[in-house]
Amino acid sequence: MLIFNLLILTMLSACTKTDSGGGGGGGNFTTKGPLSGSVVVYDDKGNQNADDKAGIKVEMLSGATVVATSLTPTSGKYAFASVNYGSYTLRFSRNDMGTYEMYNITHQYNAANPSLGSLVSTVQLGLLSTTEVTGLVNSGSTYNGVPGAAFTLSVSPDPSTNSRAYFRIFVGTDSSVSKDSYGTATELRSLISNNATIGFTKDDLTLLGLTSGQTVYIRVYGDSFQANVYTDPGSGKKVYPNLNGKTVPAVSFVVP
């Protein structure tokens, strides 16, 4: 009986040892383990490109430090074989798309399937906008038949019903307003024809926090339907990674 009890104690001790191998086969994954996920890619019009998922660099960051890097194959899947458990940022980049970051990704022990590890939800990524803003002109102090501010917007290439041009308006109180320095930005808007009228009603401007008599500047950028907007935790500002940087100078108006 004594020999049997010693054998049981020895087996229990072996089962509680920490896996120092980092999640490879055979350990119990108590300190490290695998993390994986996949991506899908959309063009700037919102069409999924089923065969365009290869070559996306996926970086796993702890704070500002890159701890692991993966490159997606044609399947769009990425994997990190052995990473310490904790909270991470995932950064996705390729030369034809803006850099997108996901924060507070929890990597933890998967008791149900240790060899699978943490599985991240599929990430939808958009390509850079192909819409270039070629003209922006102040065209009046009414919009949709009520007081406001109207502008004529021109873009290239010409949009159509089947190929919309998506854009975003950045608003500020300084002529240097831009995608990097602004007070507020609108939700995504679209055009189905060129030289179209865009703008704001007075109520729109009030909702943006602007007051009557205030001089305001706007600048417009082409954006992608899959915009991948995220908030930078350091600055608290929203980041718009898929904007087309080719645009025209800001124009001003006075809030009615």
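The values are calculated or read from the model by the stated rules, or taken from the named source; none is laboratory data. Since we're looking at a predicted model, the values are computed, not measured. Here the Cβ positions follow ideal geometry from the backbone for every residue, glycine too, while neighbour counts run over all protein chains shown. Note: areas computed on protein heavy atoms with side chains; ligands, DNA, RNA excluded. Shrake-Rupley method; radii C 1.70, N 1.55, O 1.52, S 1.80 Å.
Residue 146 to residue 189: FRET efficiency via 1/(1 + (r/R0)^6), r the Cβ-Cβ distance, R0 25 Å, to the nearest 0.05? Intermediate values should be presented prior to the final figure.
Working: r = 18 Å, r/R0 = 0.72.
The pair residue 146/residue 189 has a calculated efficiency of 0.85.
Per-residue ellipticity at 222 nm computed for the chain from its helices equals -2500 deg cm²/dmol, with DSSP H segments shorter than 4 residues left out and the rest contributing -39,500 (n - 2.57). Spatially close Lys pairs in the chain, defined by Cα atoms under 27 Å apart and a spacing of eight or more places or different chains, total 26.
Round to the nearest 0.05 the FRET efficiency obtained for residue 207 and residue 235 when R0 = 35 Å and r is the Cβ-Cβ distance.
Details: r = 23 Å, r/R0 = 0.66.
My answer for the efficiency is 0.90.
In a simple Cβ point-charge model (Lys, Arg +1; Asp, Glu -1; nothing else charged), region 110-256 has a dipole of about 40 debye relative to its Cα centre.
By per-residue mean of other Cβ atoms within 10 Å, what is the highest-first order of 118-128, 63-73? Working shown, then result.
Values: 118-128: 17.5, 63-73: 13.1.
My ranking of the peptides, most packed first, is 118-128, 63-73.
The H on the amide N of residue 120, modeled in the peptide plane, is under 5 Å from the matching H of 36, 37, each at least 5 residues off or on a different chain. Calculated on the Cα set of the chain, radius of gyration then Dmax: 25.5, 96 Å.
Legend: Rg and Dmax of region 70-132, from Cα coordinates, 14.2, 50 Å. Each Cα pair under 8 Å and six or more residues apart adds its separation to the average, and for the chain the resulting relative contact order is 18 percent. Give me, ordered by chain and number, the residues 5 or more places off residue 230 or on other chains with an amide H under 5 Å from its own placed amide H. Residues meeting the amide H criterion: 239.
Once the Cβ-Cβ distance between residue 161 and residue 138 is put in as r, and R0 is 25 Å, what FRET efficiency do you end up with, to the nearest 0.05?
Values: r = 27 Å, r/R0 = 1.08.
Efficiency, from the Cβ-Cβ distance: 0.40.
Of the solvent-accessible surface of the chain, computed with a 1.4 Å probe and all protein chains present, 52% belongs to carbon and sulfur. Less than 5 angstrom separates the built amide H of residue 67 from those of 60, 61, 62, all sequence-distant by 5 or more or on a different chain. Principal-axis analysis of the Cα atoms of the chain puts helix 2-15 at an angle of about 20° to the longest axis. With all protein chains kept in place, the per residue accessible area of the chain amounts to 52 square angstrom at a probe of 1.4 angstrom.
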